[in-house]
1. I'm trying to understand the selection: among the residues of the range 37-62, which are surrounded by 16 or more Cβ atoms within 10 Å (Cβ to Cβ), in contact (Cβ under 8 Å) with a residue 40 or more places away in the chain and not in a loop (DSSP other than H, G, I, E, B)?
2. Kindly indicate the residue of the range 83-112 that is farther than 16 Å from residue 144 by Cβ and out of contact with any strand residue (DSSP E or B) (no Cβ under 6 Å at 6 or more places or on another chain) and also modelled with the lowest pLDDT among those meeting that condition.
3. Sort out which residues of the range 68-82 are in contact with a strand residue (DSSP E or B) (Cβ under 7 Å, 6 or more places away or on another chain) and surrounded by fewer than 20 Cβ atoms within 10 Å (Cβ to Cβ), and write them in order of number.
4. Any idea which of 186, 217, 118 is at pLDDT below 80 and not in a helix (DSSP H, G or I)?
5. Have a look at 18, 2, 58 and point out the one that is at positive phi and either at pLDDT 85 or above or in contact with a helix residue (DSSP H, G or I) (Cβ under 9 Å, 6 or more places away or on another chain) (or both).
6. Mind telling me which of the residues 133, 155, 137 ends up being at pLDDT 80 or above, under 21 Å from the mean Cα position of the chain (by Cα), within 25 Å of residue 48 (Cβ to Cβ) and assigned by TED's automatic domain parsing to the domain that holds residue 69?
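The values are calculated or read from the model by the stated rules, or taken from the named source; none is laboratory data. Since this is a predicted model, take the numbers as computed values, not measurements. Ideal geometry is used to build each Cβ from the backbone, glycine not excepted, and the neighbour counts take in all protein chains shown.
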């Protein structure tokens, strides 16, 4: 027989798991693009959380951030922490008049290890940059002495995903695991994203089963 308290418990568990699942950066694959200053990657809605997975190929990468309202300009530069990760990266942020807002590089700022708890991946992270800005155009330049290797540029802080982004994350996760972190394809299933998704499916399936049996029980009483 359907138990109200049991139903309430299942719903709370589902909401808790999805709450933790959706608080993460929305991934964007940017490694196959050529991003000079003349043709930068345009960051849409910089007030929404995004992570651009890029790769330097003999030249700097440029990002253009445009907003028609004031917002918190938040940027974080990380690198996949695998055995041969390069650690000599720079991130320069300029406004539309080419005034330098910050210049972060490995020569004067210490990087730290950062464990991403949703996908279970380890990064090297440089100091974050954040500043309240007016509506304007801003440019971000990512580069290194040899302009090679992979990086991740995070825009904005953690924020709730729309459900369309959940599907996008599941699609790009194999490339993130195999290319950026050089792990086995099977590792896409061993992280909080897939575990929370599996748990949610199990709970939903259990709820459907309980409802089905409750319907059969009441029909038998009629």
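1. 43, 50, 51, 52, 53, 54, 55, 56, 61, 62, listed by residue number.
2. That would be 83.
3. Answer for the range 68-82, where residues must be in contact with a strand residue (DSSP E or B) (Cβ under 7 Å, 6 or more places away or on another chain) and surrounded by fewer than 20 Cβ atoms within 10 Å (Cβ to Cβ): 70, 71, 72, 74, 81.
4. It is 118.
5. Details: 18 fails: at positive phi; 2 fails: at positive phi.
None of the other options fit; the residue is 58.
6. Numbers: 133 fails: under 21 Å from the mean Cα position of the chain (by Cα); 137 fails: under 21 Å from the mean Cα position of the chain (by Cα).
Answer to the selection: 155.
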